[in-house]
Amino acid sequence: MKNRVGSSGQPSRGEALAPFWAIVQADLGGLFRSRITYGWLLAAVFIQVVRTLGSRSAGTTSSVVPSGLSDFVYIWSLVIIGLAASSVSSEAGELADSIMSKSVTRLDYVLAKFASRIAYTLICFSLVTAVLVGLTLRLEVGDYDALGLTSAVLLIALTLVTLTTLGVGLSIAMPNTVMAIVTLLVLWYAMTILFPVVGLDPLSPGSVLGELPGIVRGAWSWGESETVAGFVAISGVSTALSSAYFHLKDI
């Protein structure tokens, strides 16, 4: 067997990442075995099928797709909030033993949690959105631009990634799972409903939804670029700060 340890005696990159990937796979496996996941996907797909079939004669792509994507902001965000904000705090009782007794560093653990929850959110979002878009493209009025339609879907995907990173970050910062979930609920709906009132439209998922019909038709404005930059910054800062805090905290 080929020696995977470098000449310096340090483990190879594959060996160094093995604990990270093991946690990611275990976490994703547990999530996709959950009844919550099956219930969410079945309900979400059913709603999209009913929505698109009911709009077959009078609906348009630029109206039905944004309507379907809005479910993730207003309804299915509750599932994402619950799973993201409980990702670390729910394991507090066994966390210390896991890290102290295995070759798992704190950074391995926390980054794996971010990676697995983001991957889970994007996989579920992609499955439901594929059904929505696939059926919507069969509508009689296809008023969409291919790049615009793709941009609209990716913008909501980024919005959900931001929500997920905030959830995992709060789960790290708050040992109480219920408190982390409630805090994220308040923050999310403040961003969605109250941010436009105080002039923070680019960071409001509600404002993003209002722009989706135009984006689907191919109209992209500077405001959407600010939204992308803002959500990327929030996700990056949340990941960096919570990872640093987890590295320093007493477990």
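General observations
- So residue 235, is it among the small types (Gly, Ala, Ser) and in contact with a Gly (Cβ under 9 Å, 6 or more places away or on another chain): no
- The set of residues from segment 55-85 being in a helix (DSSP H, G or I) and more than 23 Å from the chain's Cα centre (by Cα) comprises 61, 62, 63.
- Hey, residue 83 over 20 Å from residue 173 (Cβ atoms), modelled with pLDDT of 90 or more and out of contact with any Pro (no Cβ under 6 Å at 6 or more places or on another chain) or not: no
- Filtering segment 132-143 to residues that are touching a residue at least 40 places away in the same chain (Cβ under 8 Å) and surrounded by fewer than 18 Cβ atoms within 10 Å (Cβ to Cβ) leaves 137, 138, 140, 141, 142, 143.
- Residues that are assigned to a loop (DSSP other than H, G, I, E, B) and at pLDDT below 80 were ranked within segment 86-104; the one that is nearest to the chain's Cα centre (by Cα) is 104.
- Single condition residue 224 does not satisfy, out of (1) more than 17 Å from residue 158 (Cα to Cα); (2) at pLDDT below 90: (1)
The values are calculated or read from the model by the stated rules, or taken from the named source; none is laboratory data. Small disclaimer: the values here were computed from a predicted structure and weren't measured. Counting neighbours? That spans all protein chains shown, and the Cβs are built from the backbone with ideal geometry, glycine included.
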